[in-house]
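The values are calculated or read from the model by the stated rules, or taken from the named source; none is laboratory data. All figures in this text were calculated on a predicted structure; none of them were measured in a lab. Backbone-built Cβ (ideal geometry, glycine too); neighbour counts: all protein chains shown.
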Amino acid sequence: MDEQQKIEHQIELATRAASLVKDESTVQRFRSFAEELKQKLLRMMRRGKVRARAYELWEEAGRPADRDVEFWLEAERQIEEEREQRRLSDPQEKQ
């Protein structure tokens, strides 16, 4: 089981536990925990997208040495720009 699957499983368990518990403060703690895990999962997914995009940029540039930070930062910029464009076109989308 990879890290993403573990986090998805933990989110599922926390959500399920929150639905079974009657104490409201415990329910809130489970919900907060599930939300924190969702945010962690989103960050992991973004990092994977950035990594893949940086690799594409590096290959397109002819695989130059010692420019990894440059490609990483450009990939982050592109991913964030795409996310912002999606957010503007669909305000309901949360990422």
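Things worth noting here:
- Test: residue in the range 79-94 that is surrounded by 14 or more Cβ atoms within 10 Å (Cβ to Cβ) and at pLDDT 90 or above: yes
Residue by residue, here is whether (1) of a type in the set (A, V, I, L, M); (2) in a helix (DSSP H, G or I) holds:
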| site | (1), (2) |
| --- | --- |
| Ala14 | yes, yes |
| Arg29 | no, yes |
| Lys49 | no, yes |
| Arg63 | no, no |
| Gln78 | no, yes |
